[in-house]
Amino acid sequence: MATAQVPQVVEGFLKELLGAKKALKLYPAGNPLAAEWLQRLHRSVEAALKDGLPPLLRIAPGRFEWDGGQVATRDPALETFRFELETRRITEFGIEPGVEPRELRELIDCLNLRYEELDAAGGLPALLDQRKVGHILLRGPLWGGDTAGRGPADMATARLDLLDGLVEAILEALGDQFRGLTYDRLRLSAWFLDLAQPDDRADVVFAAVQMLIPMIEVEPDREIRYRTMNECLIALPHALRTTLFSAWLMPAVRTDLNIVNLLTRFSGDEFAELVGVIPADTLEALKADIDAIPSEEWKKSRISESLEDALAEKEVAAVPLEPLIAEDDPELLKLRAAGRAGSTPESALGHSVSVFFHLIAETESEGYPVLLVDGLEEAVTEAISRDKLGLALRILRGLAQGDPFRPEWLTEHQPRLQLLYHRLAGRAQISPLADLLRRGQGPDVVAEVTEYLRILGTEAINEFVGIFVDEQDAGPRGRMLDVVTALGPTAAPALRTRVGDARWGVARTMIGLLARIGDPAALGDIEKVTRHDHPQVRREVARALATLGGKQALKPLLDYLADPDGEVRLTAIRLLGALMDASTVAPLREFLATPTKTASDLLVKREMITALASIGSPEARAVLAAIAQRRVWPWQRNERTVRGLAGEALKSGTPTATAAREA
Amino acid sequence: MSISELPRDQVEQVFAQLNGLLRLTGLYPPRHPQIQRALQSFHQAVVACLQYQSALEYRFLGDLLIAGNRILPRESMMYRRFIELCQTERGIGAVIFHAGVTESEIEALAELLGSGTRDDVASWAERKSVTHIVLEEPARREEQTSEVMARRAYFGAVEMLRMVEAGILRGEAVTVEQLSSLRILTSAIMDQIMADPSLVLRLANIKSYDEYTLYHSVNVCVLSISIGALIGLPDPELRELAMAAILHDLGKITIPLEILHKSRPLEESEWAIIRRYPVRGADMLSRLPGFNRLPMIVAFEHQIREDRLGYPSVAPTWDLHPFSQIVGVADAYDSMTTLRKHKRPLPALRALAVLRQAGHQAYDLRLVRILERIIRSTPPGPVPAGVGPATEPAARIVG
């Protein structure tokens, strides 16, 4: 049942259509505002059809007509819309019940197309037909089913085109001028002032404002243009501005929604200032009128409330002012320092890590963990490259402890975190760590690198050891060595794999480190290189075996007694002595029975005697006694020394330093 | 139809063709078929544009390329060398094509762009009988900084943000190009503000009810730049601050419109959704290409407040980034002074009083005082001289 008068229904419908048309032109496809406008239009059409929207509207000069009525297009925006329909050669227009939002959207899309695009598509009705729009009817003199006699129609089209072109060119040039004005405060201000000449003609300025608003409304940057115009209006000379607002703009609020739109775009301060100049009784009357406006409830309320404030003389005057901060205020200088410090990449990085952890715990979006891992990897890398290992450690500790995360998050994304560790353990990520050790001194770096590697685990340590064995400079190498030592047994697997390295220096270092770490599992790997070509390695093997293998080392150590290298033999004997195992007495006795030809032999025998003295078993003492009592010729100087050493060892447990020197 | 209504692609493509033509003139002799083909193609493109408008104008201002009222940030970036060459070596500040332009005129322009001329551009046009292409000399530095320019940059930033948000809503990733464009536009806004401080309030007073968040974001950018400048942040840091500020509310895109535009007080469940937006914004910003950390930090922290009682909830020991503090103050001020469906705008001084009262607990009071200095002591800016218009008025309305 119709609840409103038909002209109002028609006008309301046309305004909704115009609003939706503007929205769909302004907002990109998919924008929720556009979709909202479309839904609103559809609801409005359905309501209008129920309220008696005529099935066919005719577009006539200055009005829309239908059978039995008409509505004049006094509203400039509506008139512009009517004119546009007319220039698109639409003479009749209707919407049938059952129209779908899709059809409305198609209609608006077509109305927003350029003329030539429409022509290229065969005209508006053809285009709507192609898009299967069945509930919207458009008629024009040049298209439709009654286009018999194409010849005259074509001629008419050509004439119309020519005229259209001319009118359009003039309107366009004029429009460009005005559009330019609404972007340029100085020119627009000057124009308003010029218009008001002579005698402060506020009415002329008002007419100019009324003319400009519809032009502004259709521009995508209308807020900026409104602002330009409002600034110009505020800047008008006081008398002119007072008249303009009190006699023209404010009263127009009752009848002109464009003016409502304009006024709501003034800031709170500006509006208070503007209404402050209007006499109280006028304000009272205005307020009553504004309250009676049938639409734009919230905008109307805003103006109405501001008027109330003005009447109550409150707002700005009630705010106490304080002295302004000086440009050389010490607080300002502190802020400057804080701002500069905070904007360094290091500071941003630190902050971002905190945010990251918050996001890990908070964000529920799918796929985020993947990106998060990327982000954290970047952050760790950047922290290391900026010598901020502490920060990188903070990230790793956070991940390792799982502190900031929900337990289920951690469980769910464990594989992802493993992948992060895997990435961070790669050569590209570990190399910068070694660079830190190359650059940095002090125990802090060593301790931080150690912790970093320990968190990342075997893969990272293996890479690090790889870098370490290639390091040439003694300083960094020493620090890397400290790191590996501090890593302890966790580094052992990486060291074991390099025991057989072709470079003797590397092999020796690995063996030495394994011994220092005390990894018994390394014994097997070390035993494989007991016959290494290089005596230094063999010596290191001997030491490592003695350290790690204990009694198991006796056999290889005893084998080393026959090593071609004296130093190796010497080392083996010392180690055997240190092991103090009685089973070594017999092999030692055999060796001691051999002739002492060289100084090297003498040195070895001295060590053997020391070893026997250390072992101290009856068998060992018997061997020593036998040597001490052995008959030697006076010219057998070396043998005599051996005999002396044995005797001395029997007395004191070890040979004296003098004897050692003599030897 | 004004140039601002021409499809953006068309305007951009014509300029790309002009740039291509210039490159070809450096490679081939004038009558080479390649050049001739490029000339014909470019002529057709210009003529096509001029069917809908009387003139097609490209203006160079510093690093920026402007077509009509629009800054073309992407092209400013892509054709930087060309823009620089025109201004510094060829003495050209604007190229304006008028309807009726001929291929021979375009050929003359290509020759000029390729080899230059000893004359000034006006004499060149006369000598070559070029009447449908107007070349203007480059604007002086002081002319490059203007309110009009600032408004262009402001609107460019709004448009770019709109594109970014629409893309996100369609499920598309933000592109490097979009971010670079945004950087160019925020830098342009900053340059204008630094040259004319009176622009701060002129720009920050631009509001929109329908697209509140977009305009609010640019306003917060404007105010943050101004606060940062008064603190004395160096130029590069200010540019970073501007970028972080303009993206601070990106997470609001995840708030349903019915909540965002609700005129009645929000329910607790709706507040819970609102309180999530900084996290969501930071989440989105952490995924951006060429990821810069500051926007993510600021998006996350700007609602936390000094007393840590804002949102998202963090430990009391959480250390706020200085940029987040600046943006937080600018954000609160702009929000309070903007008309929304559920609240009236506060006058500036009252908003500042609210911020002062909340200071120490909610905001860094020093920043509030800096903002107050900006608001209260910003110069009014230039006014039109005398009563007469600075230039010929566009038209006169007879009352």
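Read the figures in this text as sums done on the coordinates, not as results from a lab. On a predicted model such as this, the values are computed, not experimentally measured, just so you know. All Cβ positions, glycine included, derive from the backbone under ideal geometry; neighbour counts span all protein chains shown.
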Cα centroid separation, segment A:237-253 to segment B:257-317 (Å): 43
Dipole-positive endmost among A:Val541, A:Phe591, A:Ala626 within segment A:504-629 (Cβ charges, Cα centre): A:Ala626
Cα-based reach from A:Lys605 at 19 Å (exclusive), listing aspartates and glutamates while leaving out same-chain residues under 8 positions away: A:Asp559, A:Asp563, A:Asp565, A:Glu567, A:Asp581, A:Glu590, A:Glu619, A:Glu639, A:Glu648, A:Glu662
Where labels lie 7 Å past Cα in the beta-carbon direction, separation of A:Glu46 and A:Arg254 in nm: 3.8
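Suppose every K and R has +1 on its Cβ and every D and E has -1 on its Cβ; what is the size of the dipole of segment A:546-644 about the Cα centre, in Debye to the nearest 20? The partial results should precede the final answer.
On the way: 14 positive and 10 negative charges, 93 e Å.
Here segment A:546-644 has a charge dipole of around 440 debye.
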Crossing angle, helix A:566-579 versus chain A [Cα axis fit, 0-90 degrees, rounded to tens]: 90
Helix A:618-628 vs. chain A, principal-axis angle (Cα, 0 to 90°, nearest 10): 60
Relative counts (whole %) of C-alpha pair distances in chain B, using bins that are 10 Å wide: 4, 20, 27, 22, 15, 8, 3, 0
Cα-projected label distance for B:Asp307 with A:Ala582, points at 7 Å along beta-carbon direction, nm: 8.5
Length gained when the stretch B:Thr317-B:Thr131 is fully extended (0.36 nm per residue, less Cα-Cα span): 60.0 nm
Cα-based Rg / Dmax (Å) for the protein assembly as shown: 43.0, 154
Helix-only CD estimate at 222 nm, as mean residue ellipticity for chain B, using -39500 (n - 2.57) per DSSP H run (n ≥ 4): -17500 deg cm²/dmol
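From the P(r) of segment A:36-80, can you give the percent of Cα pairs sitting at distances over 17 Å? Walk me through the numbers on the way to the answer.
Working: 468 of 990 pairs.
Distances greater than 17 Å cover 47 percent of the Cα pairs.
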Distance between segment A:56-107 and segment B:101-134 - C-alpha centres, whole angstrom: 49
Exceeding the 20 Å Cα-Cα cut-off - candidates A:Lys528/A:Lys551; A:Lys22/B:Lys252; A:Lys300/B:Lys207; A:Lys25/B:Lys343; A:Lys15/A:Lys132: A:Lys22/B:Lys252; A:Lys25/B:Lys343; A:Lys15/A:Lys132
Principal axes of segment B:256-300: Cα extent on each, largest first, Å: 40, 15, 12
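What is the extension gain from A:Glu459 to A:Ala474, computed as 0.36 nm multiplied by their sequence separation minus the C-alpha to C-alpha distance, in nm to one decimal?
Details: separation 15, 0.36 × 15 = 5.40 nm, distance 2.48 nm.
Extending this stretch completely gives an extra 2.9 nm.
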Per-residue mean of C-beta atoms belonging to partner chains within 10 Å, peptide B:322-333: 2
Helix A:389-401 vs. chain A, principal-axis angle (Cα, 0 to 90°, nearest 10): 90
Size of charge dipole - the protein assembly as shown - debye, nearest 20, with Cβ of Lys, Arg +1 and Asp, Glu -1, no other charges: 5420
Segment A:255-293 versus segment B:15-73: alpha-carbon centroid distance in Å: 49
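As a test of the formula, what do you get for chain A when each DSSP H run with n ≥ 4 contributes -39,500 (n - 2.57) and the sum is divided by the residue count, at 222 nm and rounded to the nearest 500 deg cm²/dmol? Present the calculation step by step, with values, prior to reporting the outcome.
On the way: 36 runs with 449 residues, N = 663.
It lands at -21000 deg cm²/dmol.
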Inter-site label distance for A:His135 and A:Gln552 at 7 Å from Cα along Cβ, in nm: 8.9
